[in-house]
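The values are calculated or read from the model by the stated rules, or taken from the named source; none is laboratory data. Note that this is a predicted model, so its numbers are computed, not measured. Cβ placement follows ideal geometry from the backbone for every residue including glycine, while neighbour counts extend to all protein chains displayed. Each accessible area value is taken on the protein alone, full model and side chains, heavy atoms only, with ligands, DNA and RNA left out. Shrake-Rupley method; radii C 1.70, N 1.55, O 1.52, S 1.80 Å.
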Amino acid sequence: MVPVSEQRERPPVHEGGNLSKPNVVLDVDGLRKSFGGLVATDDASFQVERGTITGLIGPNGAGKSTIFNLVSGFYEEDAGTVRVNGADVTDDEPHEIADHGLIRTFQTPRKLEGMTVREAMLVGPQTQTGESFLALFTSGGTVHEQERANLEDAQRILEQFEIGHLATQPATDLSGGQMKLVELARAMLAEPEILLLDEPVAGVNPTLANKLREHIARLNEAGVTFLIIEHDMEFIMNLADPIIVLDQGSVLVEGDPEAVRGDDRVIDAYLGGPDA
């Protein structure tokens, strides 16, 4: 694992993505998607190095959420390939991609009706034996043991996220910020190798945003790779390295936060230029 704090030699900024990384967990090559006459992603290519917290930023309409939906299997691409841990998952369904170690969260967390927080957590684990109707009759002991282990894991992870006291609360009673924590905690039950976070601190108060930053850094130190979309520049610039900048569906530049922040092309595309 490459800790996010480790200093790595690299050019101050790459035009386009840095496609020569040594230990790649996610490889996106020439990804294109159009909706009618609107090109949402335009031959987007980038790599996410194992052990990093990589930021994905860009102006509204740059194609960030479309990239997430393509990479995680929720949209079908027009062209291009996606590889996770070297496996081509371009045409896979979301649950198949998750089996390769890629999990994603959503900008607006789902509030599961009729479930407690603990029950909502149990949506997270992959390949549960009890999901098979036949297994309920032929492997009842295995199903029971797995459910018990999942319950213990769910409670343990809730405690790690300092929300164990919410386990029996109805999921629909939580605030938006609390749901962000629950969704992040639930994702960890799937034991991801790379976790895609879509605006994790959107609509979250500063105190909870700091907590989320601490949890992401903690999980990264434990071995989880992150790719994060975020509009809060202070949050992402103080957390992620490298930063990938999208503009008009393509990768504009990639570099460390300081280099990206001061790049004229980023200022023009993302901030609207010096006269904006």
- Query: Where a Cα-Cα gap under 18 Å defines reach, which lysines qualify for K111, not counting those fewer than 8 residues away within the same chain?
  - Reply: K180
- Message: Give the lysines reachable from K33 as a straight Cα distance under 26 Å; neighbours fewer than 8 places away on the same chain don't count.
- Response: K21, K64
- Item | Range of Cα positions in region 151-276 per principal axis (Å), largest first | 52, 29, 24
- Query: Going highest first, how would you order 157-163, 190-196 by mean Cβ packing within 10 Å?
  - Reply: 190-196, 157-163
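Tell me the per residue accessible area of the chain using a 1.4 Å probe; a whole number in Å² is fine.
Values: 12880 Å² over 276 residues.
Per-residue accessible area for the chain comes out at 47 Å².
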- Query: Once Lys and Arg get +1 and Asp and Glu get -1 on their Cβ, which of N69, G86, T116 lies farthest toward the positive end of the dipole of region 69-117?
  - Reply: T116
- Message: If I stretch the segment between E159 and A222 completely, what's the gain in nm (0.36 nm per residue apart, minus their alpha carbon distance), one decimal?
- Response: 21.0 nm
